[in-house]
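One structure below.
The values are calculated or read from the model by the stated rules, or taken from the named source; none is laboratory data. The model shown is predicted, which means the values in this text are computed figures rather than measured ones. Cβ placement follows ideal geometry from the backbone for every residue including glycine, while neighbour counts extend to all protein chains displayed. Accessible surface is based on the protein model in full, side chains and every heavy atom, while ligands, DNA and RNA are left aside. Shrake-Rupley method; radii C 1.70, N 1.55, O 1.52, S 1.80 Å.
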Amino acid sequence: MAEPVMLITGASRGIGAATARAAAAAGYRLALLSRSADALAPLVDELGDDALALPCDITDWPALSAAVQHVEDHFGRLDAAFANAGLSLETSFLGNGGADPEQWRDMVLTNVYGAAITARAALPALTRTSGHLLLTGSNAGRGIRPGSLYSATKWAVTGLAQNIRAECVGTGVRVTLVQPGMVETEMTASTQGVPKLRAEDIANAVLYALGQSPGVDVNEVVIRPVGQDPNR
Ligand SMILES: NC(=O)c1ccc[n+]([C@@H]2O[C@H](COP(=O)([O-])OP(=O)(O)OC[C@H]3O[C@@H](n4cnc5c(N)ncnc54)[C@H](OP(=O)(O)O)[C@@H]3O)[C@@H](O)[C@H]2O)c1
């Protein structure tokens, strides 16, 4: 079999970039998506000919579906898709600080609609390879975070993964929800003094799920730094 092909959204930095490096080392050919072509370019240079940059906003269905089609046209197959791109904003429903509600729309669209249409774009191709869909949820999608719309978007990703897996019964497609705790990335740069995972730790979890035999569907991976406050 030709080397497997993996698509990663949010690939330009953080968890997505670390996963791209780990997947390349494991022999995957890669399609790397984020909005910024400039941010993707150094990673594609680093990974070489088997990595393809596809600058694209995951909230733009025509652009996203065309990008996924391009992956199949270019590589001839799609074996794994990692719906990972996301955005985090502080919010308060009482109006006690946080982002202006005008900005909330982008977060909901990116984290919920973007993840959902990434699945919708990739799954027809994944059914042709008995492939694997992975989604980055969050530990915040399992517990209560006062005032956090981000947490609610990640609860939606928890539900998405479960509903997609239910629809995929009989297709051979595996669906894995990865739920990280705090990870040291640009997203958490302003949060100091708390334990954090490395982005590579999440990449290892993704590769663990991908590496199981075809009959094994790792449904959920919850991964948190030692000592993380259970309410974060
Ligand atoms: N860091 C944590 O502690 C943590 C914990 C739990 C879960 N997560 C989740 O992990 C995922 C990755 O986060 P990270 O920490 O690696 O964050 P990050 O370093 O800020 O990376 C986010 C990535 O998403 C891309 N992106 C954002 N909006 C996009 C859009 N509309 N279309 C396409 N790409 C978009 C960004 O690239 P462009 O800006 O170039 O588009 C970037 O590549 C997110 O879903 C996040 O919610 C993170």
**Among ALA51, ALA17, GLY114 - extreme Cα towards positive end, dipole of the chain, charges at beta-carbon** = GLY114
**Request:** For ASN231 and GLU46, calculate 0.36 nm times their separation in residues minus their Cα-Cα distance, and state this gained length in nm to one decimal.
**Result:** 62.8 nm
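So, for segment 5-223, what is the accessible surface per residue at a probe of 1.4 Å, expressed in square angstrom?
Dividing the accessible area of segment 5-223 by its residue count gives 45 Å².
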**Item:** Sum of side-chain charges, ALA23 neighbourhood, beta-carbon under 11 Å (Lys, Arg +1; Asp, Glu -1)
**Value:** -1
**Request:** Would you calculate the volume per residue, in Å³, of the smallest convex hull containing every Cα atom of segment 1-63?
**Result:** 79
**Item:** Percent accessible area from carbon and sulfur atoms, the chain, protein chains only, probe 1.4 Å
**Value:** 51
**Prompt:** Which listed residue (THR185, VAL206, ASN139) has the Cα farthest towards the positive end of the charge dipole for segment 5-223, taking +1 on Lys and Arg C-beta and -1 on Asp and Glu C-beta about the Cα centre?
**Reply:** ASN139
**Message:** Let's test the formula: R0 of 25 Å, r as the Cβ-Cβ distance of ARG198 and GLN69. What FRET efficiency results, to the nearest 0.05?
**Reply:** 0.15
**Prompt:** Which angle from 0 to 90°, rounded to the nearest 10, does the C-alpha axis of helix 14-25 make with the longest principal axis of the chain?
**Reply:** 20
**Asked** By average Cβ neighbour count within 10 Å, what is the ranking of 28-34, 160-166 from highest down?
**Response** 28-34, 160-166
**Request:** Using R₀ = 45 Å, calculate the FRET efficiency as 1/(1 + (r/R₀)^6) where r is the Cβ-Cβ separation of TRP61 and SER92; round to 0.05.
**Result:** 0.90
**Dipole axis of the chain (+1 Lys, Arg; -1 Asp, Glu on Cβ), positive-most option in ASN84, PRO62, VAL173** = VAL173
**Item:** Directionally averaged shadow of segment 5-223, computed from the convex hull of its alpha-carbon atoms, nm²
**Value:** 11.7
